[in-house]
Amino acid sequence: MNHKKILMGKIDYINAFPVYYGLDHGMLPKWIEMVPGPPAVLNKMIQEELLHVSPVSAAFYAMNHRKLLVLPDLSISCYGKVLSVVLMTNLSLEELHRKKVILTHDSATASALVRLVFSQKGIEPVFFTGKLRELNDVPGDVDAAMIIGDAAMTKPWEDRFLNRIDLGELWYNMTGLPFVFALWVSPENCIDRYRDELKDALTLFYESRKNGYENIDSVIESGASRLNLDKEYVRRYFELLHCNLDMRKIDGLKHFFSLLHEHGLLKEKVNLRLLDYP
Ligand SMILES: C=C(O[C@@H]1C=C(C(=O)O)C=C[C@H]1O)C(=O)O
């Protein structure tokens, strides 16, 4: 088939390895160009329609739901602990009232979750956003730092902070629901123009992910060697991290969006629309 070229985003953390495994191992057709980046960069590129399809932060999707369609059955999510999304602090959540909390500028979902958790508890920290990839990035006067992705699992945050609060686990303890950090989306403007390409890209994602789970030892091996982490730890990570979007996860997602709206962290209610090919 004569496909137009499309640009496909890719989260450059190991969390996306299972979904991209097949594409990274021979399945990538010539008409797809891969664009790797941290979530916030992909969010911005999708907003500017510089990508035709990409994973984005679930909270970013919520803020732009009128312009985006969600690809079915794809996500970065967890059902309890996640390991790679953490709030590091020396205090308890309650003690963070009026204290400085820095949120990584790479995130939109986890930042919204942290703001929501404090809002629900009636605690008002002073939030700010910044680069948080290394321990040296943490300003001297902050009392908590929220980090996502590979950096959360690899940098020595414990040298500075005693408590590691896992945000997937925190959400699960609050709601009993799974938590969805990222969704795959396409700008609605692309849907008609790139219909065949997006349809085939969706099939490729499913095949690529299937290939990833069939070769999970190899996924674990490359994750462990990229991050210099113990293989058993990375195995556990890929057991905790899910890449599908079943009904229960959609329930978790909808609950998150409606709480954000209730707490004034989201302007509009979200009407989740899936990219659906007959
Ligand atoms: C589980 C994770 O979820 C990530 C968190 C995101 C966010 O907070 O906006 C976006 C994409 C995901 O990669 C992770 O970073 O490890």
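For the range 46-61, does any single residue satisfy the condition of being over 21 Å from L204 (Cα atoms), open to solvent by 30 Å² or more (accessible area, probe 1.4 Å) and within 16 Å of the ligand (Cβ to nearest atom)? Yes, some residue in the range 46-61 is over 21 Å from L204 (Cα atoms), open to solvent by 30 Å² or more (accessible area, probe 1.4 Å) and within 16 Å of the ligand (Cβ to nearest atom).
Looking only at residues in the range 6-24 that are assigned to a helix (DSSP H, G or I) and open to solvent by 10 Å² or more (accessible area, probe 1.4 Å), the one that is nearest to the ligand (Cβ to nearest atom) is N15. In this structure, H105 qualifies as closer than 23 Å to G37 by Cα, open to solvent by 20 Å² or more (accessible area, probe 1.4 Å) and not small (G, A, S). For K100, the requirement of being out of contact with any Leu (no Cβ under 9 Å at 6 or more places or on another chain), at pLDDT 95 or above and among the basic types (K, R) is met. Going through the range 73-100 one residue at a time, which ones are open to solvent by less than 30 Å² (accessible area, probe 1.4 Å) and away from the ligand (no atom under 15 Å from the Cβ)? Passing the criteria: T89, L93, L96. Screening the range 251-265 for residues that are among the charged types (D, E, K, R) and without any contact (Cβ under 8 Å) to a residue 60 or more places away in the chain and picking the one that is farthest from V70 (Cα to Cα) gives E262. Scanning the range 93-134 for residues that are in contact (Cβ under 8 Å) with a residue 60 or more places away in the chain and in a loop (DSSP other than H, G, I, E, B) turns up L93, H105, D106, S107, A108.
Of all residues in the range 116-131 being touching a Lys or Arg at 6+ places or on another chain (Cβ under 9 Å) and under 24 Å from A40 (Cα atoms), which is least open to solvent (accessible area, probe 1.4 Å)? Selected residue: P125. Of all residues in the range 27-45, those being within 14 Å of the ligand (Cβ to nearest atom) and under 19 Å from C243 (Cβ atoms) number 6. Filtering the range 29-67 to residues that are touching a Phe, Trp or Tyr at 6+ places or on another chain (Cβ under 6 Å) and assigned to a strand (DSSP E or B) leaves only P55.
The values are calculated or read from the model by the stated rules, or taken from the named source; none is laboratory data. Here the structure is a predicted model, which means the values were calculated and not measured. FYI the Cβ positions are ideal-geometry reconstructions off the backbone, even for glycines, and counts take in every protein chain you see. When the accessible area is computed, the model is the full protein with side chains, heavy atoms only, and any ligands, DNA or RNA have been set aside. Shrake-Rupley method; radii C 1.70, N 1.55, O 1.52, S 1.80 Å.
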